[in-house]
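The values are calculated or read from the model by the stated rules, or taken from the named source; none is laboratory data. Quantities reported herein were computed from a predicted structural model and do not represent experimental measurements. For neighbour counting, all protein chains shown are included, and Cβ atoms are generated from backbone atoms with ideal geometry for every residue, glycine included.
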Number of protein chains: 2
Amino acid sequence: MGFRMRSLRKTVLLAILVSVVLVLALIHSWPTRAYTTVDVWQRSGSILERHLEERLPEPDHRLDNIPFHVRDNVASLLARNGCICEGESGGVNLPFAQLLFPRVSAHPLHTAFEASDLEEMKRRRAKEYKSFQKRSQTPADVLIIAEANNPLQYPTQGVELRPLRTIIIPGLALHDLPRDHYSINFTAMLGTLNVAAEVDGVKIKGDSEMHMTLSSSLLPNLNRQLQFVTYTNTLFNPSTADTVQLETEGHQASFSIKIQHGVTPKLYNTGSKGEYNVSALVTIATKTFLRYEKLQNLIDSVRRYYPTVTIVIADDSENPQTISGPYIEHYIMPFGKGWFAGRNLAVSQVTTKYVLWVDDDFIFTSNTKLEKLVDVLERTTLDLVGGAVREATGYTATYRQTISIESGEEDGDCLHLRRGFHHVIQGFPNCVVTDGVINFFLARTDKVQQVGFDPRLARVAHLEFFIDGLGSLHVGSCDDVIVNHATKIKLPWTSQSESDKTYAKFRYPPASSDATHTKNGLLFFKNRFQCLTHN
Amino acid sequence: MGFRMRSLRKTVLLAILVSVVLVLALIHSWPTRAYTTVDVWQRSGSILERHLEERLPEPDHRLDNIPFHVRDNVASLLARNGCICEGESGGVNLPFAQLLFPRVSAHPLHTAFEASDLEEMKRRRAKEYKSFQKRSQTPADVLIIAEANNPLQYPTQGVELRPLRTIIIPGLALHDLPRDHYSINFTAMLGTLNVAAEVDGVKIKGDSEMHMTLSSSLLPNLNRQLQFVTYTNTLFNPSTADTVQLETEGHQASFSIKIQHGVTPKLYNTGSKGEYNVSALVTIATKTFLRYEKLQNLIDSVRRYYPTVTIVIADDSENPQTISGPYIEHYIMPFGKGWFAGRNLAVSQVTTKYVLWVDDDFIFTSNTKLEKLVDVLERTTLDLVGGAVREATGYTATYRQTISIESGEEDGDCLHLRRGFHHVIQGFPNCVVTDGVINFFLARTDKVQQVGFDPRLARVAHLEFFIDGLGSLHVGSCDDVIVNHATKIKLPWTSQSESDKTYAKFRYPPASSDATHTKNGLLFFKNRFQCLTHN
């Protein structure tokens, strides 16, 4: 072949190669669909809320003239505007008074801060709280009142779908008086409306849009069509709700459609069937600091009854020793990192269904029957069940506390702690339902990990875990499962007290001299309380 | 004094002392109130559900004769009964096919188990799932359809109170036709009904009980009385809903009252105002294993740009070395405890508002501007935002994945992973909303701690965190914040691959030879999936 032919062929081949590459590149980068933008700015659903407020029925002012007589015993139970930080005053001044008739004391929490810092702290807290509210509120929380004498039949609760999916809206119907022409408008904000099937004699306008109208002169046909109305979520959000508004001649209605993935289960393998296999079901977790002798006593006592249960130990001692033995997991932390940091570390490592919290100075005895605690959690909906701790004196404590919150306004809420419990548990006569318990408890691992022990609490802390768990944890307490407490001196329930003295001797530059990391500072800033009362 | 007098006095004093002790003991143990028992057994609200089912309007069978024509494009979007584990078949078999036209492959998950174990695993999973359902469902999820032409006006959404509190039920009214006598019945299951004020001409029966009736011959007076109806929660549960049923002549209605503590905020101090103070806002978290040189390179690169940011390091190497330097927290774990255990440990120790996850073989550059990621989370409702990782070749990956779940039946749900995203974020043109991202991300500490990294995943794992976070985490991804990846070999996104080879060399008795702790075994058992599809 001549020179010219070869170079021509080369050029052609090169051209073909370049074209193929270009075509492939084009196909690869071809937009597969038009992506819409979504607004995830921190704006509340203010437009929607205003619409719904306009739709709330006016209080009937014609009734204002009808007199009423207040029932004090009921009216006094209603929430006030804001909460007042006050305890109980007076009371008998006998020697055992506080023991027999515990009085309530009140503690304003802003005192955690220097007066010069307080304004700035309040400002920051208000800003963080506002963001938090925008992230945690959904349209499914808004008050909706159903109109009376509405010819519309519609679902008011229970309609939900996964994000970007489609469902048929159940229960729609129109039971109107006879008229020439019937029509229903539908409006949604986070999705579109459509029909899964068409019925003769019904005119459909705006299908696959956010506003759809169905109309007909034949009421049965319109009602048949209403059996096929669909909603499709188009604006992605992993957990929200859309408000669908319906309108027909002279009447309107609104209802929510929940848009959420649903709760993905977090199940645990329970080991062989039959008897409760404590080693497969339970991991023992503890934190230690400078008390290796006590820790070893704890481990030895556990092994007498449960030779193969895994024990997880979080250790922030200065010169950590080796702790050896089978089924022991020892974690070394930076020196003095802290109490709740250590607790959070220990529970973060648990792989069994339940976790048993113990302090490093407990001693297991023949009364420490973990099977009983497992039985409670296996057979009830409780998430956590506390036991009892026996002091050297024989005094046994369950430390049951009820916790309640009273809404405050801009200054923050009021937190009320009271000794006691709510109810005895049917079928478990030694057990009660409460909100906070002593530091010896069995709990569902996934729930404890979800609530967590806030690592900002470096020193003494206890109920803060239960405060963070309010609304999440269903808490019980049984007094017939007992562990012994090794410390000779009877202390009020503060686990690190003895070590605190040793701890305080070491010069340890605090990771943060942040006043918000003290107990009261944290209640003030993190949980937005203004006041703590307790007895 | 005579002997007899002294012994008499002693006896009297002794008697007095004994009496006082007995009286004190009696006062101390005096029951302060009668405690009722509460049933926290794992029983679903079956009685209530049956009542509500009976109240669902019958589908109108008179309409059955009216024909309809299915719209395939809409009907095909509706959920099927159960999900089918299938991928895409066929497709072009060209060299670059999988790259340009990624096909979906399907993986049945029961294969994680030996055939001999499978039945037992399914049985256990079903039992655990049933308990889980009882703990996570509430009466507020049940479908309720509002009757048409109901003279009752009532709230359908938005009524809530804290446990054991009292509220006025808003929006109640009766707009009935004129009649001689009007009456309304109220029934609740977890609380009692009452009135905060009394109105003349209205007869009240059953006030402060679970069933109350208001009746009158004067409709305006009855409506005035309805403005003062109260609900008090008496059966304690930290998070549930009561269903209140209303009835009047020929009509009924139901609505839920949410009983919950409300979400207690978990706010973080943000440091000084003005510019974003990255050291006050962000903690860098990583896990390391046998790669101290790479880790030190990471730390050195971080320090060039952020000299005072705290770096938390979880380390499960066999012979841990000391890592020194200011603002470094080094945690030693049992050898080979695992990848997700280490991630869970590291994030459990973070005390700042945000946590930045990095792998130990990343290198910070001048393109690694954390302030940009902070800006996204400060100004949107996102919980987590991923960045981009640049390989030595220059190839930059964001690894965006969408995740969706399709309900299965007893066999479990189907999990679908697809590359891509949902929307571009308004105001942040380089950022999108998606469900899973690469292992370089900034996130809200409280949300990451709440979702957690399951310590059962010892080896390679990544998207499992985002699967566990479905519905909780609002995830974004920005491609303009870039970190370099030190590893020379370009690997598919599995962070521990290189170390796996070294790791595999050591004989490490697995903490558990549990098949449920493998990636597929965990998806099958823990999350109750039957199938995984991805492209």
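Would you list the strands (runs of 3 or more DSSP E) that sit entirely within the stretch B:392-488 and hold 2 or more residues that are within 12 Å of chain A (Cβ to nearest Cβ)? So that I can check it myself, show each step before the final result.
Values: elements: B:401-406, B:413-419, B:423-425, B:428-434, B:441-444, B:475-485.
Hits in the stretch B:392-488: B:401-406, B:413-419, B:423-425, B:428-434, B:475-485.
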Notebook entry, point to check: For B:LEU290, all conditions in the list (1) farther than 30 Å from B:PRO334 by Cβ; (2) more than 11 Å from chain A (Cβ to nearest Cβ); (3) part of a loop (DSSP other than H, G, I, E, B) hold save one; what is the number of the exception?
Noted result: (1)
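To keep it simple, each residue is scored yes or no on (1) among the aromatic types (Phe, Trp, Tyr); (2) within 19 Å of the chain's Cα centre (by Cα); (3) modelled with pLDDT of 95 or more.
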| position | (1), (2), (3) |
| --- | --- |
| B:CYS431 | no, no, yes |
| B:THR434 | no, yes, yes |
| B:VAL460 | no, no, no |
| B:GLY471 | no, yes, no |
| B:VAL483 | no, no, yes |
| B:ALA486 | no, no, no |
| B:LYS490 | no, no, no |
| B:TRP493 | yes, no, no |
| B:GLU498 | no, no, no |
Item checked: Residue in the stretch B:218-231 that is surrounded by the most Cβ atoms within 10 Å (Cβ to Cβ), counting only those that are at the interface with chain A (Cβ under 9 Å from one of its Cβ atoms) and closer than 15 Å to A:ASP64 by Cβ -> B:GLN225
Margin query: Is it the case, given these coordinates, that A:GLY262 is within 33 Å of the chain's Cα centre (by Cα), surrounded by fewer than 23 Cβ atoms within 10 Å (Cβ to Cβ), at positive phi and free of Cβ contacts under 8 Å to residues at least 24 places away in the same chain?
Written below: no
Margin query: So A:THR365 passes all but one of these: (1) of a type outside the set (A, V, I, L, M, F, W, C); (2) surrounded by 18 or more Cβ atoms within 10 Å (Cβ to Cβ); (3) out of contact with any Phe, Trp or Tyr (no Cβ under 7 Å at 6 or more places or on another chain); (4) touching a residue at least 60 places away in the same chain (Cβ under 8 Å). Which condition number does it fail?
Written below: (2)
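Counting only residues that are more than 30 Å from B:ASN430 (Cβ to Cβ) and either loosely packed, with under 10 Cβ neighbours inside 10 Å or within 53 Å of the chain's Cα centre (by Cα) (or both), which one in the stretch A:1-42 is modelled with the highest pLDDT?
Within the stretch A:1-42, the match that is modelled with the highest pLDDT is A:MET5.
In the stretch A:344-361, is there at least one residue being surrounded by fewer than 18 Cβ atoms within 10 Å (Cβ to Cβ), part of a loop (DSSP other than H, G, I, E, B) and modelled with pLDDT of 95 or more?
No, every residue in the stretch A:344-361 fails to be surrounded by fewer than 18 Cβ atoms within 10 Å (Cβ to Cβ), part of a loop (DSSP other than H, G, I, E, B) and modelled with pLDDT of 95 or more.
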Notebook entry, point to check: Taking the stretch A:366-391 as the region of interest, how many residues are outside any helix (DSSP H, G or I) and within 14 Å of chain B (Cβ to nearest Cβ)?
Noted result: 6
Note to self: I need a count of the residues in the stretch A:111-121 that are assigned to a helix (DSSP H, G or I) and either facing another protein chain (nearest Cβ under 7 Å) or in contact (Cβ under 8 Å) with a residue 60 or more places away in the chain (or both).
What the structure shows: 4
Next item on the list: Please go through the stretch B:131-149 and pick out each residue that is in contact (Cβ under 8 Å) with a residue 60 or more places away in the chain and under 17 Å from A:GLN157 (Cα atoms).
Entry: B:GLN137, B:THR138, B:PRO139, B:ALA140, B:VAL142, B:LEU143, B:ILE144, B:ILE145, B:ALA146, B:GLU147
Next item on the list: Check the stretch A:242-249 and report whether any residue there is over 37 Å from the mean Cα position of the chain (by Cα), within 30 Å of B:ASN150 (Cα to Cα) and at the interface with another protein chain (Cβ under 7 Å from one of its Cβ atoms).
Entry: no
Check: Does the stretch B:122-138 hold any residues that are within 11 Å of chain A (Cβ to nearest Cβ) and basic (Lys, Arg), and which are they?
Finding: B:ARG123, B:ARG124, B:ARG125, B:LYS127, B:LYS130, B:LYS134, B:ARG135
Next item on the list: Please go through the stretch B:121-174 and pick out each residue that is closer than 20 Å to B:PHE236 by Cα, of a type in the set (D, E, K, R) and under 25 Å from the mean Cα position of the chain (by Cα).
Entry: B:LYS134, B:ARG135, B:ASP141, B:GLU160, B:ARG162
Margin query: Out of the residues in the stretch A:197-217 meeting the condition of being free of Cβ contacts under 8 Å to residues at least 24 places away in the same chain and over 40 Å from the mean Cα position of the chain (by Cα), tell me which one is surrounded by the most Cβ atoms within 10 Å (Cβ to Cβ).
Written below: A:VAL202
Next item on the list: Would you mind finding the one in B:ASN223, B:ASN237, B:ASN194 that is assigned to a loop (DSSP other than H, G, I, E, B), in contact (Cβ under 8 Å) with a residue 24 or more places away in the chain, in contact with a strand residue (DSSP E or B) (Cβ under 8 Å, 6 or more places away or on another chain) and over 30 Å from B:PHE440 (Cα atoms)?
Entry: B:ASN237
Check: Any idea how many residues of the stretch B:409-433 are in contact with a Leu (Cβ under 6 Å, 6 or more places away or on another chain) and farther than 15 Å from A:HIS261 by Cβ?
Finding: 0
Note to self: Looking at the stretch A:156-170 only, could you name the residues that are at the interface with chain B (Cβ under 9 Å from one of its Cβ atoms), under 22 Å from A:ILE144 (Cβ atoms) and outside any strand (DSSP E or B)?
What the structure shows: A:GLY158, A:VAL159, A:PRO170
Item checked: Test: B:THR308 is surrounded by fewer than 17 Cβ atoms within 10 Å (Cβ to Cβ), closer than 30 Å to A:ARG528 by Cβ and modelled with pLDDT of 95 or more -> yes
Check: What are the residues in the stretch B:171-204 that are within 19 Å of A:ASN149 (Cβ to Cβ) and at the interface with chain A (Cβ under 10 Å from one of its Cβ atoms), if any?
Finding: B:GLY171, B:LEU172, B:ALA173, B:LEU174, B:HIS175, B:ASP176, B:LEU177
